[in-house]
Each structure stands twice: as C-alpha cells, then as structure tokens.
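The values are calculated or read from the model by the stated rules, or taken from the named source; none is laboratory data. Just so it is clear, the model here is predicted, and its values are computed rather than measured. Backbone-built Cβ (ideal geometry, glycine too); neighbour counts: all protein chains shown. These accessible areas exclude ligands, DNA and RNA; they are computed on the full protein's heavy atoms, side chains included. Shrake-Rupley method; radii C 1.70, N 1.55, O 1.52, S 1.80 Å.
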Amino acid sequence: MTDDIGSRLRDARLQQGMSLRSVASALGVSASLISQVETGKTQPSVSTLYAMVTHLGISIDELLGVSPTPPVGAAAPVPEPLTANATVQHSAENAVLDMENGVRWERLAAGAGPADALLVTYQPGASSSIEGKMMRHAGMEYAYLLEGELTLRLEFDTFTLRPGDSLHFDSVRPHLYVNESGAIARGIWFVVGRREHNQAMPSAGNPLGAPRETIGSAVDVLRAMDDLDR
C-alpha cells in the first residue's frame, strides 16, 4: 500500500507543477524524505503525511484509492442499499494506510455524510507525531477506545484512555496521542464538521487556512484533503 500512496502523492505534486525541493521547503523537511515517501522507500509519520496532503490539497479518499467525496452540489453516487439509509462496507474492503512508527488507519464506510470515520491502531510506542509536537485542526473530534491504553495530551492536561473510555473535544485545541504501553491500542475515531469547514477554505495550497505546523491528529488529514475533488 505504501507504494500506491507514494505514487498518488507524486502524481498530485506533478499535476500542480511542484518540485521536490519546493514541497520540502514548504514543509520544513528534506527533499530526500519527500522522494523516499513518493517511491515507497519509507513510510511517512502521521504529521508528515498531514503536511504533505494539506500542501498538495488532496483528499483521503483519493489518497487511499477509494471513491472521493463528491463536490459540493454534485449528486452523490448511489450505493446498493441494505435499507433506505444504510450501506455496508466489509472489513476486507477497508482502505488501509500504515505510517511510520506503528500507526495504522483503516478508512471506515466512506460516504458523503457529515462525519469521517477511522479505525486507528497505535503500536506500542507509537505517536501521532514522531517529533512529539502537539497538533490542532478544525472540526470536532470523537473517539472510543476498543482495546489497549492510549495517552491523550490536550493542551496542558494529560489523560489516559482505556477500553470503554471515550473522548470529545474541539480539535482546534492542541493535542497529541501516544501509546506509552506495551500493548496495541485501537479505537474508532470520528471527525465532524471538517467538510463544512473545507467549503469555506480559500486555497488548495493551504486548505486549512492555518499555519502548517498546526496540522495533525489521527483524523485531521480527512478534513484537510478534499479540495482536488471540488
């Protein structure tokens, strides 16, 4: 999957006429790192991937190779319904993205609704930012921990989440997730409101409308990456 992700990032960069050096300079990383991510030789960290997709203005659906969210005003594709308001995405159909330091995203039931959903896994020692920087983004963040133990650092507070614990906060507040335990931590994440926020964004180059160093959480990337579909 890493090779596919890298090639899609490279295609998006080339389509916008951006050089490796210009992207690297904008993100504050080396050109060799960008090249290694694009060729599948290395997995990006969560924070690096956030920065790349935000700078390139691509959607998570496009990145993962699933049907993108339709543009505002466009008719949504009609899936085969189980009921009038429900469809099923089987686990084998989940788009998967493995990132540096043991973070995995599985895209759940992609659709045009108001929320984006992820099954997120943190291996022991994994963090949403390799550098330990606290991130923030628009939208409301919700999560429910299924197994393991996960530490949430939210501004000046630290919380330990265990199975059955849930969270909810405005994601503009600086935050960081870290698995400081010796076992896998896994949970369901939702971000609500990021699509409405994207509709007001003035630029594909910076769809967040905020400094790039503020980008990042386990679900932030879903909000930041719809502009190529509009």
Complete set of residues in region 1-44 that are among the hydrophobic types (A, V, I, L, M, F, W, C), open to solvent by 20 Å² or more (accessible area, probe 1.4 Å) and more than 15 Å from residue 97 (Cα to Cα): 14, 18, 20, 26, 27, 29, 31, 33
Where residue 188 falls short, out of the listed (1) assigned to a loop (DSSP other than H, G, I, E, B); (2) open to solvent by less than 80 Å² (accessible area, probe 1.4 Å): (1)
Entirely in region 1-113, the helices (runs of 4 or more DSSP H) that have 2 or more residues that are modelled with pLDDT of 85 or more: 2-15, 20-27, 31-38
Region 128-151: number of residues that are β-branched (Val, Ile, Thr), touching a helix residue (DSSP H, G or I) at 6+ places or on another chain (Cβ under 7 Å) and assigned to a strand (DSSP E or B): 0
